[in-house]
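Worksheet: the structure to be examined is printed underneath.
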Amino acid sequence: MNVFLVGGAVRDALLGLTVGERDWVVTGASPEDMVAAGYLPVGKDFPVFLHPKTKEEHALARTERKSGRGYHGFTFHTGAEVTLEDDLLRRDLTINAIAQDADGTLIDPHGGQRDLAAKVLRHVSPAFAEDPVRVLRLARFATRFAPMGFTVAPETMALCRALVEAGEVDALVPERIWQEMARALMHAEPSTFFKVLHGCGALARILPELAKLDGVPQRADYHPEVDSLVHTLMCVDAAARMGFGLEVRTAALLHDLGKGATPMMEWPSHKMHDARGVPLVEQVCERLKIPSACRDIAVHHTREHLLIHRVRELRPETLLALLERLDVFRKPERLERVCEASWSDARGRLHFEQCDYPQVDYLKAAAAIATAVPVKDVLAAGFSGAAVSEELKKRRVAALKAHKFSLPLAGES
């Protein structure tokens, strides 16, 4: 029985990155041998075992053969005769197909070290095109390593296009799509994920509402970058630069889907794209099974972002109605997230990447003023039932009217 360190742990060590989980491949052993050695079997689709002490995953070397559509359509074979080289041949990218033996010697039959040095993501074999998940993984790896200058090999992109054209991407389940998308969104340059998918045609199959924004023009005075998809991806990168969380990055990604529904005769104006966008955001979240926390911020931001951009122009009654729709009196954290998404929107524009966004402070100040109106005073004045909320609303409007805001207003986006 021989044990080899494989995959991401070897790759990251060679790149000088912190190594997280370690995966191992075992050759020359059967499942019975592993159990006899004290390993705990945990694999469902193929033999995977936990080390009796470290609890790290050890998988028997295996080969695979395409037997159906999608990423479940494979038949696996393990056995003592399966070599390490056989196992490495089935892996997705050359940089993930490097192994290390117990002495530290590297086994690299597919030029992974060469591609690490050249900063190229390249497939190991034509079998790459048999598994649609590999398109998502490729896009995610491209996103993770984009700050280091990695690019995708042209021949690998060509294989991805063939995979898409063959309809394999249509077999991806929503949970796996969101899993890879969510991980990519949390990298430093999330836009790369969607650019890679768009470049091979997969975005139109996975997220057609977003792909539809490509080439849709906007007013150049508000959006010097003009293209709606370019703007959207700039917003996602802006949210990443400011360190915002997954909910905000998801909202930044989905907030302008309504621009893809604007009639062409209205271009480059996009009136009502906020209202048109809400059902599209809900549709995407339902289809991809996006978590409710992300859906909540995405829907509210899409519906309200135009009002937030011009918040200082709002009458006190309109401003209070906005705060009520955001439910800031019960969920102040929602206001924080929606403000972060709107700020990302403002900075997701050419030449505005570092712009100030005083609307955030203005809206938070308004929320604080309205929240500070004491409910107990309303009750002490003798109001009851539905009259309490009506009187409270009047007092909150009066408080907003009495407050003098002096913050400057940034340009719309």
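No lab work stands behind these numbers, since they all come straight from the coordinates. No experiment lies behind these values; they were computed from the predicted model shown. Here the Cβ is made from the backbone with ideal geometry for all residues, glycine too, and neighbour counts use every protein chain on show.
Quick rundown of the values:
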item: Residues with amide H under 5 Å from that of Ile107, placed H, sequence gap 5 or more; result: Ala99, Gln100, Asp101
item: Cβ-placed point charges (K, R +1; D, E -1), dipole of segment 226-326 about Cα centre in debye, nearest 20; result: 40 debye
item: Three-way shape label, segment 1-112, alpha-carbon gyration tensor, a/c 1.5; result: oblate
item: Centroid-to-centroid separation of segment 76-131 and segment 172-236 [C-alpha atoms, Å]; result: 30 Å
item: Size of charge dipole - segment 207-402 - debye, nearest 20, with Cβ of Lys, Arg +1 and Asp, Glu -1, no other charges; result: 520 debye
item: Listed residues Leu319, Pro268, Gly215: farthest to the positive end of the dipole of the chain (Cβ charges); result: Leu319
item: DSSP-defined beta bridges in segment 1-112 - what % are antiparallel, rounded to 5; result: 85 percent
item: Extension gain, Ala398 back to Gln283 (0.36 nm per residue minus Cα-Cα distance, nm); result: 37.5 nm
item: Contact order normalised by residue count of segment 291-370, Cα under 8 Å, 6+ apart, percent; result: 35 percent
item: Cα-based shape type of segment 207-402, given that a ≥ b ≥ c are square roots of the gyration tensor eigenvalues and the cut on a/c is 1.5; result: prolate
item: About the Cα centre, charge dipole magnitude for segment 1-112 (Lys/Arg +1, Asp/Glu -1 at Cβ), debye; result: 400 debye
item: Hypothetical label at Ala387: residues of segment 314-330 whose amide nitrogen lies under 14 Å (7 Å Cα-Cβ projection); result: none
item: Cα gyration tensor category, rounded, prolate or oblate, for segment 210-299 with a/c compared to 1.5; result: oblate
item: Percent RCO, i.e. relative contact order, over the chain, from Cα pairs under 8 Å lying at least 6 residues apart; result: 10 percent
item: Relative packing of 250-258, 220-228, which averages over residues the other C-beta atoms within 10 Å, highest first; result: 250-258, 220-228
item: Protection proxy ranking, peptides 266-278, 92-104, 296-308, average beta carbon neighbours within 10 Å, highest first; result: 296-308, 92-104, 266-278
item: DSSP bridge pairs, the chain: antiparallel proportion in percent, nearest 5; result: 80 percent
item: At R0 = 25 Å, FRET efficiency that the Cβ-Cβ distance of Glu317 and Lys271 yields, to 0.05; result: 0.65
